[in-house]
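The values are calculated or read from the model by the stated rules, or taken from the named source; none is laboratory data. Because the structure is a prediction, the values reported are computed rather than measured. Note that we place each Cβ from the backbone using ideal geometry, even for glycine, and neighbour counts take in every protein chain shown.
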There are 6 protein chains.
Amino acid sequence: MLLSLSTWQEVETYLQKSTGIILPIGSTEQHGPTGLIGTDAICAEAIARGVGEATGAIVAPTINVGMALHHTAFPGTISLRPSTLILLVRDYVTSLAKAGFTKFYFINGHGGNIATLKAAFSETYAYLEDLQIPSAHKVQCQVANWFMCGSVYQLAKELYGDQEGSHATPSEVAVTQYVYPEAIKQAPLSPEVARGHRIYSATDFRQHYPDGRMGSNPALATPEHGKQFYDLAVKELSNGYLEFLNADTVS
Amino acid sequence: MLLSLSTWQEVETYLQKSTGIILPIGSTEQHGPTGLIGTDAICAEAIARGVGEATGAIVAPTINVGMALHHTAFPGTISLRPSTLILLVRDYVTSLAKAGFTKFYFINGHGGNIATLKAAFSETYAYLEDLQIPSAHKVQCQVANWFMCGSVYQLAKELYGDQEGSHATPSEVAVTQYVYPEAIKQAPLSPEVARGHRIYSATDFRQHYPDGRMGSNPALATPEHGKQFYDLAVKELSNGYLEFLNADTVS
Amino acid sequence: MLLSLSTWQEVETYLQKSTGIILPIGSTEQHGPTGLIGTDAICAEAIARGVGEATGAIVAPTINVGMALHHTAFPGTISLRPSTLILLVRDYVTSLAKAGFTKFYFINGHGGNIATLKAAFSETYAYLEDLQIPSAHKVQCQVANWFMCGSVYQLAKELYGDQEGSHATPSEVAVTQYVYPEAIKQAPLSPEVARGHRIYSATDFRQHYPDGRMGSNPALATPEHGKQFYDLAVKELSNGYLEFLNADTVS
Amino acid sequence: MLLSLSTWQEVETYLQKSTGIILPIGSTEQHGPTGLIGTDAICAEAIARGVGEATGAIVAPTINVGMALHHTAFPGTISLRPSTLILLVRDYVTSLAKAGFTKFYFINGHGGNIATLKAAFSETYAYLEDLQIPSAHKVQCQVANWFMCGSVYQLAKELYGDQEGSHATPSEVAVTQYVYPEAIKQAPLSPEVARGHRIYSATDFRQHYPDGRMGSNPALATPEHGKQFYDLAVKELSNGYLEFLNADTVS
Amino acid sequence: MLLSLSTWQEVETYLQKSTGIILPIGSTEQHGPTGLIGTDAICAEAIARGVGEATGAIVAPTINVGMALHHTAFPGTISLRPSTLILLVRDYVTSLAKAGFTKFYFINGHGGNIATLKAAFSETYAYLEDLQIPSAHKVQCQVANWFMCGSVYQLAKELYGDQEGSHATPSEVAVTQYVYPEAIKQAPLSPEVARGHRIYSATDFRQHYPDGRMGSNPALATPEHGKQFYDLAVKELSNGYLEFLNADTVS
Amino acid sequence: MLLSLSTWQEVETYLQKSTGIILPIGSTEQHGPTGLIGTDAICAEAIARGVGEATGAIVAPTINVGMALHHTAFPGTISLRPSTLILLVRDYVTSLAKAGFTKFYFINGHGGNIATLKAAFSETYAYLEDLQIPSAHKVQCQVANWFMCGSVYQLAKELYGDQEGSHATPSEVAVTQYVYPEAIKQAPLSPEVARGHRIYSATDFRQHYPDGRMGSNPALATPEHGKQFYDLAVKELSNGYLEFLNADTVS
């Protein structure tokens, strides 16, 4: 059930049986010479919708732009600053918490979002308690990173070994190929690829990772792999969501 | 050309021929008993993509959540506060301006976004000049509201007269029916509908507009109307975008 | 009744019969070679006081500096950023709402303030509801632009035709001449005046409008015209204020 | 020379001979049963204009609302939060510093503004240096409190002894009587008046100072006293301004 | 009793007999060629602990970095912006007020903190009243500057006359020598030392005070003097704290 | 070398041989019935000083209060909001980066700080690049959590098995016992201790962890263990710091 394709009365009905919601969050950032700029949002959205179908959960519109400041030296990247993303998450959760939602499951497609999301959750819990919203103390947020699912990680290792890398990975590229087969890109990839340098400023990043990849060989990706990753992630995160829903809450 | 389905190298190439970009912005808010919560984002995204195809412009990911605080007494609504939306727009434009974009055409699906967008543009121009980004003084932002297109307005008047209303209108519902025919909703609509009250707080809004509609009869909408509105809006905004691109800029 | 010339006990008494207040807001910005930098504040203040006298409303001190970032390439301009002006409006309204005021009528002298004021109103309604101020849901803000009054517009058209322009207009200059006849300025005005360019950054503005005027011929202004404009605006906005006061409110 | 009654070209000319500017700042707050809510702004504005005439300095529009949170339990008080006032001062100074002003002399009518003004100055110096405005390191701000002038203090002591008190004082009331003789108020004043309690929250303030006065007997004020205070303050602050202008600056 | 060396249950017990707390605040900034960068924090911490022992008060961890923007042109200085320090103080006081603390006694070692602390107190009172924390109206904050104690000032005058100066003073250096005798520094000091210039930007400060001292001769300091200053400050501020605790509060 | 016990000239000298700095960050929060509220700051500070001695690095003053919002339902806890901590880190790093520091090694004692620190680093890199500080692109920040050192983790497992838990752990208590043997606390500890519940709001936390411990048995701690942990952490983090210093930087 997609929030954007529902009416407010349908949401009212939904809230009588569940107060959980899934929020896909991605990023709009360079993914190397062949990866789509929307990769992280595409993966998060597709998998979130899969989890929504599998669990009956309502799925919020995708947060397409996240925290990607370190990629901003490449054209096409759009990033929120962490302080902006914190406010955005606070506003999303506050709007929904006032309506009765209490379990916020963020399905995330971008490693760079994790720290800011966690900071935003802390900020938001305190904000809601300060507002004295009736259900403030029941609000729970969780970030679930599809690319960190055990099953996904396992398959990526089997298929790609250390060519999986850590950005513009064949696994995420494969999922986008599965979702958008019409947008599979071809471009020359240097056989050598930088790896192992930590992430600091945007200028520093581009100097160390001149084509945008971090230790990955996205040429290994196929749409068929993509479907496998998608299926594994949907299955594992569906279980994760249901556990989250059923976890104890303060009375 | 969709930014999210492009690579950074394709964006680099694009920038050699154009520094314009289209940014769809909608809202996630109640649209009466039969209107989709995603109505404003759906319309803005579809029309923006149409304009992108017609003009060769690159289209950014949709800003799905806008300024809808006055609808937050209805479940399912998500809103940014104006101060958050200003920061979001500033971050989007700054990221893209650093890469060389100078013409930002926001195709907007929600009246409630207009004031905040304009405030955000002013904030952003000054911010970019303060940062001393080389092209700061060339950056231009414009908001183009599809529902205010002359041709759209004209057709809505012909088809619906004063039953068009001003929120959850048959014209916007029609566009969503055209885009998502599988999500056409049925629900009883009271023959009388509130109208004429100004917009203040969320509580006030819901008391005056108990089912969420503002003077509209969305039951008049059809997917065929939707296609007509879509075509008119794409045509008129394509012209608008090209004029914007070609308007004079400081040297 | 001027707030600044009242005591707190007089305000307490006033609140027993009315919870409305008029807030003049102007700007401190260049108005071409002959227009006063304080034009927008002078007009808003004079007209607001006229409306206060005509309706018995209390009038707050004038907000002399507004959102004029696009004029800051001309010396003498002072501008708040939109984000600052939003906080200022929020603080004003919050202070007064805690004391019992609920109807805030901003008489505005500057087009550049409108978007930010509207954004500020939305921000403030939500803020007050979050604070759970008893009367939060009754708070209503409205912006009334004297230069957009139908009667004013009509007269300007009759007197000046298209030489009215849109900044440093003869109509606003006339009002300042009526209020401050001792400060009527003479300076050479080029017969040709720029018009038709949209407003973007401060640098861009000055390049397109080198002497600060936008399509206007302020040399046509006279103090007598000023009195006419003043009278029309006071009359029309007095009616506007009374309608606003009497409009329905949530119970 | 009043900024609001000048044109931008006159300001341009002024800047060729001086980069100093006087900014009156007051407050809009209760001043006991007989003191005007605008007392602090009225005094600051009148004295600032006097100083402007005596020294040839340009005088900015008055900041009518300052930091008066502790008075907000009395109706009619309007206050900015310190964080808002800091932004406001930053925006004022930044606008003017970009045009070439470097010496900012705030003539202040309200003790409650002092701390926030000083904090704002520090914030602004750093901000301007970060922006790399050419004259950033030359910008100097000073707060000059008319009621702390030695000559004013001396006269108040002679005329009123310890009935001067520290809020709603006869000296400031006298100045307003001199400026607005038509707005002299009469109201019963209890012979006993609270004094000696420090200032904390608004609730605490009103409980300790139930009629708003702090140890003062404003019934002693006369318009003639007001003229004396006015003359002394103008003389002393004119000297202060000229010293400030002539103080050494970094090259 | 040090908060950092207590358990939460000990704090719970403490709150049954007192709701007062001492918060040392210093700065991390240049103190001339022989003064320690931590001077202000060292003095504030040592004296605060002395006061805590003398009065049985609990002492919070030291705020080591304060508002020292004007010293940032010297390496080793760390400063918060005033707007950041305001938030920090608000967060400290809010955390503790929710637990039941109501009397906040800031023992301060740095003149540059005073204005911002006072602004922060005002901001915080209003914030707590907005949050509707039960004890909000009882919260009281006070800043106590050890170097402004009458007894300290008197001794400094006796020992050093006008060589006390106003920054990197022998009195504060003496206290650090008493606390950290192992860190007494030797460096050549020019016999002439700048004095009398007001504080503006960091660049301006360093140009006027090239070695960082303001009119002081810290070579006069001895650890024995330091003990004397320490004893006087502890005694005077202990009395100050007890008076503060016993001052009337709203019921 | 401690920054607080250095002079600015010593820092200037230091910068000629190294641009690295160690910043200890802890928290001020409940640590169960026997753990010190300052535990995280005490551990971070002690270990940071050990690393400073071992490597010759300069050590900044400890950030004593971090992000501990989830502990604020226990008295004695002080927390910054994430948004405040981000500003604090930005201000620290900016001050030091302007002086020439480029390598910022945060030795952290509190798991709750990690996400916000990482968000702050991203915010700061972009901020410094926007300011166009000469060395902006060279600035690198890293968070090093002593309790996550492999050797520490290993020892904790050997000594305590699953009684190590995840908050108020015997390992961190042991370090505080080693550093402050005079502050070893005794209090009854229930044999059963809650574990396994995720961290959400402060209210939720206290309901699930009523005495503040998370799965830990701090009664197992001894000062001797503390010394072992201290030694291991100092050794491992000294290596970590040196590697960080020597890692490649953009030219």
May I ask you to say which residue of A:F244, A:F229 is within 13 Å of chain F (Cβ to nearest Cβ), assigned to a helix (DSSP H, G or I), at pLDDT 95 or above and within 27 Å of A:E45 (Cα to Cα)?
A:F244
Being more than 7 Å from every other protein chain (Cβ to nearest Cβ) and either free of Cβ contacts under 8 Å to residues at least 60 places away in the same chain or of a type in the set (D, E, K, R) (or both) is the filter here; which residues of region F:1-47 pass it?
F:M1, F:L2, F:E10, F:T13, F:Y14, F:Q16, F:K17, F:E29, F:D40, F:E45
Which count do you get for residues in region D:84-107 that are among the hydroxyl-bearing types (S, T, Y) and either at the interface with chain C (Cβ under 7 Å from one of its Cβ atoms) or in contact with a Gly (Cβ under 7 Å, 6 or more places away or on another chain) (or both)?
4
Of the residues D:A183, D:A247, D:A174, D:A187, only one is among the small types (G, A, S) and crowded, with 17+ Cβ neighbours inside 10 Å; which?
D:A174
Exactly one of B:V152, B:V193, B:V173 is assigned to a helix (DSSP H, G or I), within 30 Å of C:H137 (Cα to Cα) and not acidic (D, E), and that one is B:V173
Which residue pairs have Cβ atoms under 6 Å apart, sit 6 or more places apart or on different chains, and have a first residue in region E:196-212 that is of a type in the set (S, T, N, Q) and a second that is crowded, with 24+ Cβ neighbours inside 10 Å?
E:S201/D:Y125
Considering only region A:170-183, I want to know if a residue exists there that is over 26 Å from F:E243 (Cβ atoms), free of Cβ contacts under 8 Å to residues at least 40 places away in the same chain, more than 14 Å from chain F (Cβ to nearest Cβ) and touching a helix residue (DSSP H, G or I) at 6+ places or on another chain (Cβ under 9 Å).
yes
Return the residues of region C:212-228 that are among the polar types (S, T, N, Q) and under 12 Å from C:Q177 (Cα atoms); say none if nothing qualifies.
C:T222, C:Q228
All conditions in (1) assigned to a loop (DSSP other than H, G, I, E, B); (2) within 14 Å of the chain's Cα centre (by Cα) are true of E:F147 except (1)
More than 14 Å from chain D (Cβ to nearest Cβ), at pLDDT 95 or above and over 17 Å from the mean Cα position of the chain (by Cα): does that describe E:G161?
yes
Unmet criterion (only one of (1) within 18 Å of E:A54 (Cα to Cα); (2) surrounded by fewer than 15 Cβ atoms within 10 Å (Cβ to Cβ); (3) away from chain D (no Cβ under 12 Å); (4) charged (D, E, K, R)) for E:K235:
(2)
Being among the aliphatic types (A, V, I, L, M) and at the interface with chain A (Cβ under 8 Å from one of its Cβ atoms) is the filter here; which residues of region B:48-61 pass it?
B:A60
Out of all the residues in region E:70-83, is one or more of a type in the set (G, A, S), more than 7 Å from every other protein chain (Cβ to nearest Cβ) and within 27 Å of E:Y127 (Cα to Cα)?
no
Can you tell me how many residues within region F:71-93 are out of contact with any Ser or Thr (no Cβ under 7 Å at 6 or more places or on another chain) and among the basic types (K, R)?
1
Tell me yes or no: at least one residue of region E:26-34 is of a type outside the set (D, E, K, R), more than 30 Å from E:A168 (Cβ to Cβ) and surrounded by fewer than 24 Cβ atoms within 10 Å (Cβ to Cβ).
no
Region C:196-220 - residue that is more than 10 Å from every other protein chain (Cβ to nearest Cβ) and either touching a Ser or Thr at 6+ places or on another chain (Cβ under 7 Å) or over 22 Å from B:A136 (Cβ atoms) (or both) and, of those, surrounded by the most Cβ atoms within 10 Å (Cβ to Cβ)
C:P218
Quick test for you: out of F:L159, F:L131, F:L155, pick the one residue that is farther than 22 Å from F:H71 by Cβ and without any contact (Cβ under 8 Å) to a residue 60 or more places away in the chain.
F:L131
Just the residues that are in a helix (DSSP H, G or I) and among the small types (G, A, S), please, taken from region A:158-170.
A:G161
Name every residue in region F:108-119 that is more than 7 Å from every other protein chain (Cβ to nearest Cβ) and either of a type in the set (A, V, I, L, M) or surrounded by fewer than 22 Cβ atoms within 10 Å (Cβ to Cβ) (or both), in order of residue number.
F:G111, F:I114, F:L117
Checking E:S190 against (1) at the interface with another protein chain (Cβ under 9 Å from one of its Cβ atoms); (2) more than 26 Å from D:S122 (Cα to Cα); (3) among the small types (G, A, S), only one condition comes out false. Which one?
(1)
With respect to E:E123, is the statement that it is under 23 Å from the mean Cα position of the chain (by Cα), under 25 Å from D:V143 (Cβ atoms) and not in a loop (DSSP other than H, G, I, E, B) true?
yes
Please verify whether C:G52 is surrounded by fewer than 23 Cβ atoms within 10 Å (Cβ to Cβ) and over 24 Å from D:S95 (Cβ atoms), treating the condition exactly as stated.
no
Mind listing whichever residues of region B:57-69 are crowded, with 24+ Cβ neighbours inside 10 Å and touching a residue at least 60 places away in the same chain (Cβ under 8 Å)?
B:L69
Residues of region A:128-158 being among the polar types (S, T, N, Q) and within 14 Å of chain F (Cβ to nearest Cβ), in sequence order, are A:Q132, A:S135, A:Q140, A:Q142, A:N145
